[in-house]
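Q: There's a structure below that I have some questions on.
The values are calculated or read from the model by the stated rules, or taken from the named source; none is laboratory data. These figures come from a predicted structure and were not determined experimentally. Please note: Cβ atoms are built from the backbone with ideal geometry, for glycine as well, and neighbour counts cover all protein chains shown.
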Amino acid sequence: MNLARYFSGCLKALGTDQDWRNFFDVSEKGFQQSFLTIPLSLPFFYICAAAIHKQHVDLLTANPDFDGQLPGLIRPIYFVLVFLFYGISFFAVAYFLGKAFQKDERLKSWVIVRHWSFFFLALIAGALFGLSYMSIVSFSAILPIAFILYLGTLAIDIRLAQKIAAFEWGAAILAGCMITALGLMVVLIGVTRLGG
């Protein structure tokens, strides 16, 4: 895997360049390999979750009314399950929309580029939250950047649906919103049900 090449391809896919295909393996093998980005992203998302948990604990213990009861640790098995459901939620929506809008021939390319784009987003987010977890940078300092990254996921999904899957702008916005909504729903259900 040539990460530098894939990163360049993601930037080109999100921009105006039309030669993004030259940076990816859009064969069946490349399509299957792109799903490896889901487990490869797991450590970065776990770092994000650990940093948020640490901040929660720090806020609780700094409160004068703290009763001494700390929140439970992040349960790895539940985290992995939620994350895997989150990871495949995009493919479920993309497959459904590909069939509904007759974009089957573009599905593989869309999935490949989207998987790699979100891997790099996870890497950046993991690095930022890792700095916070190690107390190198304050949590409050990275929070605005993390929020921008999160909002950027919707913009990326809209752009990739428009450029890679060849949706019209209205349909691309619908696709981006559906992907984001389902992913957020999976995370929220996971946090409230599995991690409770």
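Q: Conditions: (1) of a type in the set (A, V, I, L, M); (2) free of Cβ contacts under 8 Å to residues at least 24 places away in the same chain; (3) over 18 Å from residue 50 (Cα atoms). Residue 141 meets all but one. Number of the miss?
A: (3)
Q: How many residues are surrounded by fewer than 15 Cβ atoms within 10 Å (Cβ to Cβ) and not in a loop (DSSP other than H, G, I, E, B) if we restrict to segment 13-29?
A: Total satisfying the criteria: 3.
Q: Could you check, for segment 142-149, whether at least one of its residues is at pLDDT below 95, exposed (fewer than 15 other Cβ atoms within 10 Å of the Cβ), out of contact with any helix residue (DSSP H, G or I) (no Cβ under 7 Å at 6 or more places or on another chain) and not in a helix (DSSP H, G or I)?
A: No, because not a single residue in segment 142-149 is at pLDDT below 95, exposed (fewer than 15 other Cβ atoms within 10 Å of the Cβ), out of contact with any helix residue (DSSP H, G or I) (no Cβ under 7 Å at 6 or more places or on another chain) and not in a helix (DSSP H, G or I).
Q: Within segment 73-82, is there a residue that is surrounded by fewer than 18 Cβ atoms within 10 Å (Cβ to Cβ), at pLDDT below 85 and more than 28 Å from residue 136 (Cα to Cα)?
A: Yes: one or more hits.
Q: Then there is this: Return a yes/no flag: does segment 70-83 have any residue that is assigned to a helix (DSSP H, G or I), in contact with an Asp or Glu (Cβ under 8 Å, 6 or more places away or on another chain) and of a type outside the set (Lys, Arg).
A: Within segment 70-83, not a single residue is assigned to a helix (DSSP H, G or I), in contact with an Asp or Glu (Cβ under 8 Å, 6 or more places away or on another chain) and of a type outside the set (Lys, Arg).
Q: Kindly establish whether residue 102 is modelled with pLDDT of 90 or more, closer than 27 Å to residue 163 by Cβ, not in a helix (DSSP H, G or I) and not hydroxyl-bearing (Ser, Thr, Tyr).
A: When the stated conditions are applied, residue 102 passes them.
Q: Which one of these is surrounded by 13 or more Cβ atoms within 10 Å (Cβ to Cβ) and basic (Lys, Arg): 54, 99?
A: Just one listed residue meets the conditions, 54.
Q: Looking at residue 109 and the list (1) surrounded by fewer than 20 Cβ atoms within 10 Å (Cβ to Cβ); (2) out of contact with any helix residue (DSSP H, G or I) (no Cβ under 6 Å at 6 or more places or on another chain); (3) hydroxyl-bearing (Ser, Thr, Tyr), which single condition is not satisfied?
A: Failing condition for residue 109: (1).
Q: Hey, another quick one. Of all residues in segment 112-127 being buried (at least 18 other Cβ atoms within 10 Å of the Cβ) and without any contact (Cβ under 8 Å) to a residue 60 or more places away in the chain, which is nearest to the chain's Cα centre (by Cα)?
A: The residue in question is 121.
Q: Kindly evaluate residue 117 against the criterion of being closer than 24 Å to residue 80 by Cα and part of a helix (DSSP H, G or I).
A: For residue 117, the condition - closer than 24 Å to residue 80 by Cα and part of a helix (DSSP H, G or I) - is met.
Q: Still on this structure: Exactly one of (1) free of Cβ contacts under 8 Å to residues at least 40 places away in the same chain; (2) not in a helix (DSSP H, G or I) is unmet by residue 184. Its number?
A: (2)
Q: Here's something else I'd like to know. Return yes or no: is residue 93 closer than 21 Å to residue 176 by Cβ and either assigned to a loop (DSSP other than H, G, I, E, B) or hydrophobic (A, V, I, L, M, F, W, C) (or both)?
A: In short, yes.
Q: Additional query: Yes or no: residue 148 more than 21 Å from residue 190 (Cα to Cα) and β-branched (Val, Ile, Thr)?
A: When the stated conditions are applied, residue 148 passes them.
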